[in-house]
Amino acid sequence: MRRSTDNGATWAAQTIVRAGNPDTAGNGAAKIGYSDPSFVYDAVAAKLFVFSVYSKGQGFAGSAYGNDDANRSIISAQVSESTDLGLTWGAPQLITTIVKPGTSGSSPQPGAVKGMFASSGEGIQLKYGAYAGRLVQQFAGTVLQADGSTTVQAYSVYSDDHGATWRRGAFVGTGMDENKVVELSNGSLLLNSRASTGGSRKVATSTDGGQTWGAVTTDTDLPDPGNNASITRLFPDAALGSADAAKLLFTNADSTSSRQNVSARVSCDNGATWSSVRPIASGFSAYSTATRLGNGQLGVLYESSYTSGIQFARFSDTWLDYSCPSAATTTTSIDGVHITGSRNDAGRNVTTQPYTAGELVPYSFAVTNTFSTTVTVAPTSGNVSPLVPPGAGNCRYTNLAPGAGYTCSTPKHTVTAAEVAQGYFVPDSTWTVTSASTSTARVIGARVALK
């Protein structure tokens, strides 16, 4: 690894985190390696973790079933911890039994993992809600299916005790590959994955901190040649439900056919839509990872060559050249269903006519089904009403066809004295989307000014 203490202007000499052994003079019996590293920083405990493959006689494609780290035919996984921001590292913790289930090499059962690896780049720490503080690192693994076939699936590995122990979430998708995760403005997680065949990115959402995932869909706004990419919050410290918390930065090789033209895109609505592309560098480029720097700039580390080129680009928010719609409108996506909440009192000037406690603020929801199948959309709770059945004017819609949409403009919010004092309220509701399965997410709108 290399460290920079001046926001990437200069870099210290390379240091070794985990040393392998090529065993070039022998017969390979002592050969070991560490590869595909990914950092996760615990800002609460001030700990830095690095995940990587721990390989012996086999890599991802050649690994056998089972999770015995002493077996040289099995690919393993390790995580190392630093308490001084990467200056020194503790002994590796082997987590193969957690991230590679299935003990039998000769009679594997469905759910057993053959080869696996942590997606190189960066994991995250959650900031909101019931799972705040959780560390999340994404993995990809070749998973044995019930019909005897195998497919590469994505999954989260997470810790709720600052890295003392790790747990594995459920497998998701088919034909997945390196995948990343980002926390959205409502506390849900968005998974963004390379597809094994390339073309466009695959996405899914989780409402339980990465333990389970909803249906996987394809985001055709994000072309990809089959490449490890990056997705992160543009403003990582933004408040829950704020407009800035909904802004995401995505970087990848901007092509469907070849690894070239590393570029950036911005989403203002939790990944529902994306801005036009901003090229970072032309020519060959492959894997990338992006982060907000301490000086307010953004940094992107990317491959410019397979053998000799790793570059670091820095730029400002202004350089990204994006614009977001009015903060009065926010969009949340649940398995391909876009729900946009917006205030519905455009004719009222709250500066000259402020709201008082007990008044009703009109609020609307526009719902669009971009999923490929018919769905049922049903709000279950919220601080506007009528919202849920029974009663007329609720926002439920059964059998919403692909491409169809509707607007529910009947809800109103009753202003409280506390909201009058603070000058705003935050629309907050919970919705479910049901097709073959049911997914649930909070829809948190932008602040609605009351005065």
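The values are calculated or read from the model by the stated rules, or taken from the named source; none is laboratory data. The structure presented is a predicted model; accordingly, all values stated were derived computationally and were not measured. Cβ atoms come from the backbone with ideal geometry, glycine included; neighbour counts cover every protein chain shown.
Taking the stated definitions as given, is Ala154 within 29 Å of Asn295 (Cα to Cα) and at pLDDT 95 or above? Taking the combined requirement at face value, the residue does not satisfy it. Scanning segment 190-241 for residues that are assigned to a strand (DSSP E or B) and farther than 20 Å from Arg259 by Cβ returns Leu190, Leu191, Val203, Ala204, Thr205, Ser206, Thr217, Thr232, Arg233. Could you list, ordered by first residue, the pairs with Cβ atoms under 8 Å in which the first is in segment 26-52 and at positive phi and the second is crowded, with 16+ Cβ neighbours inside 10 Å and among the aliphatic types (A, V, I, L, M), at least 6 apart or interchain? Listed pairs, sorted by first residue: Asp36/Val53; Asp36/Ala118.
Filtering segment 366-404 to residues that are under 25 Å from the mean Cα position of the chain (by Cα) and over 18 Å from Ser439 (Cα atoms) leaves only Ala366.
Of the candidates Asp269, Asp221, the single residue that is in contact with a strand residue (DSSP E or B) (Cβ under 9 Å, 6 or more places away or on another chain) and either under 25 Å from Gly296 (Cα atoms) or not assigned by TED's automatic domain parsing to the domain that holds Ser159 (or both) is Asp269.
Checked against (1) under 22 Å from Asp244 (Cα atoms); (2) surrounded by 18 or more Cβ atoms within 10 Å (Cβ to Cβ), Trp319 passes all but condition (2). When Gly336 is tested against the conditions (1) of a type outside the set (Lys, Arg); (2) at positive phi; (3) modelled with pLDDT of 95 or more, the lone failure is (3). Checking every residue in segment 81-94 against the condition of being within 23 Å of Ile16 (Cα to Cα), part of a strand (DSSP E or B), under 25 Å from the mean Cα position of the chain (by Cα) and of a type in the set (S, T, N, Q) gives at least one match.
Within segment 420-451, can you find the residues that are without any contact (Cβ under 8 Å) to a residue 40 or more places away in the chain and either small (Gly, Ala, Ser) or farther than 17 Å from His338 by Cα (or both)?
Hits for segment 420-451 are Ala421, Gln422, Gly423, Tyr424.
The listed residues are Ser275, Ser285, and the only one of them that is among the small types (Gly, Ala, Ser) and out of contact with any helix residue (DSSP H, G or I) (no Cβ under 8 Å at 6 or more places or on another chain) turns out to be Ser285. Given the criteria at pLDDT below 95, among the hydroxyl-bearing types (Ser, Thr, Tyr) and under 29 Å from Asp428 (Cβ atoms), does Thr256 qualify? Answer is no for this residue.
Of all residues in segment 82-114, those satisfying the criterion of being buried (at least 23 other Cβ atoms within 10 Å of the Cβ) and not β-branched (Val, Ile, Thr) are Lys100, Lys114.
The set of residues in segment 65-81 being surrounded by 18 or more Cβ atoms within 10 Å (Cβ to Cβ) and of a type in the set (A, V, I, L, M, F, W, C) consists of Ile74, Ile75, Ala77, Val79. Farther than 29 Å from Pro92 by Cβ and acidic (Asp, Glu): does that describe Asp160? Considered against the rule, which asks whether it is farther than 29 Å from Pro92 by Cβ and acidic (Asp, Glu), Asp160 comes out as no. Residues of segment 31-61 that are within 18 Å of the chain's Cα centre (by Cα) and polar (S, T, N, Q): Ser38 alone.
One residue alone among Ser385, Ser342, Ser333 is in contact with a strand residue (DSSP E or B) (Cβ under 9 Å, 6 or more places away or on another chain), closer than 20 Å to Arg447 by Cβ, surrounded by 14 or more Cβ atoms within 10 Å (Cβ to Cβ) and in contact (Cβ under 8 Å) with a residue 40 or more places away in the chain, and that residue is Ser342.
Go through segment 258-294 and give me each residue that's without any contact (Cβ under 8 Å) to a residue 24 or more places away in the chain and touching a Leu at 6+ places or on another chain (Cβ under 9 Å). Of everything in segment 258-294, just one residue is without any contact (Cβ under 8 Å) to a residue 24 or more places away in the chain and touching a Leu at 6+ places or on another chain (Cβ under 9 Å), namely Ser267.
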